[in-house]
Amino acid sequence: MPFYEPYTGFAMILGVLVLAVIALPVYGIYRLIIWKMTEKAKEAFHKILAISVSFLIVIFFAWVTLELITEHQVNRQLGFRYATPDTPEGEFFIITKVVPEGVMDRAGLKVEDRVLMNSVPKLYRLLISNQGGEAEFNILRDKKEITIRVRVPEMELLFRRAAGI
């Protein structure tokens, strides 16, 4: 089963809702606006729309890039990596690497631990917001739930402000 299969139905419902609730009314308003416009005004309006959409796309990809760079910096400085395998147990992520003598190793995190959070960004927000203090999260190891306490050092994050973290 591909990793995206459990979300296909949800994505289709969301797509239909977006189309019905947002796209159709916006298109109706668009048609009302351009109906009485001159050809020159229509051309200018379409240029503005194209620039606006391009700007939104650039912002979206910049945000995603900043998030990925920040995650990489946290992984490197705290000494761990993760993967998100497709499992029947639901969404979680599994630790694939722990750097010996690193922050996460000292906290007790081990390879094959399953972090019990419903999204990866939540863990990163938790770790970043608790710099200089302690952060707690639960893992599943050998079918037992364990709380991991991490003393999070101050981290050097290049895009911390830009990423909104």
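A few points about this structure:
- Summed over the stretch 136-156, the residues that are touching a residue at least 12 places away in the same chain (Cβ under 8 Å) and not hydrophobic (A, V, I, L, M, F, W, C) give a count of 9.
- You will find that of 51, 22, the residue that is part of a helix (DSSP H, G or I) and either under 30 Å from residue 128 (Cβ atoms) or modelled with pLDDT of 85 or more (or both) is 51 and no other.
- Cβ-Cβ under 7 Å pairs, at least 6 apart or on other chains, the stretch 38-57 side within 18 Å of residue 23 (Cα to Cα), far side hydrophobic (A, V, I, L, M, F, W, C): 45/34; 45/37
- Residue 85, sole failed condition from (1) part of a loop (DSSP other than H, G, I, E, B); (2) at pLDDT 85 or above: (2)
- Residues of the stretch 94-118 satisfying the condition of being closer than 13 Å to residue 77 by Cα, assigned to a loop (DSSP other than H, G, I, E, B) and touching a strand residue (DSSP E or B) at 6+ places or on another chain (Cβ under 8 Å): 99, 102
- Candidates 127, 140, 123 - the one that is assigned to a helix (DSSP H, G or I) and touching a Phe, Trp or Tyr at 6+ places or on another chain (Cβ under 8 Å): 123
- Top-ranked residue in the stretch 131-164 [being farther than 12 Å from residue 74 by Cα and under 19 Å from the mean Cα position of the chain (by Cα); ranked as modelled with the lowest pLDDT]: 163
The values are calculated or read from the model by the stated rules, or taken from the named source; none is laboratory data. This one's a predicted model, so the numbers in the text were calculated from it and none came from an experiment. Every residue, glycine among them, receives a Cβ derived from its backbone with ideal geometry; neighbour counts consider all protein chains shown.
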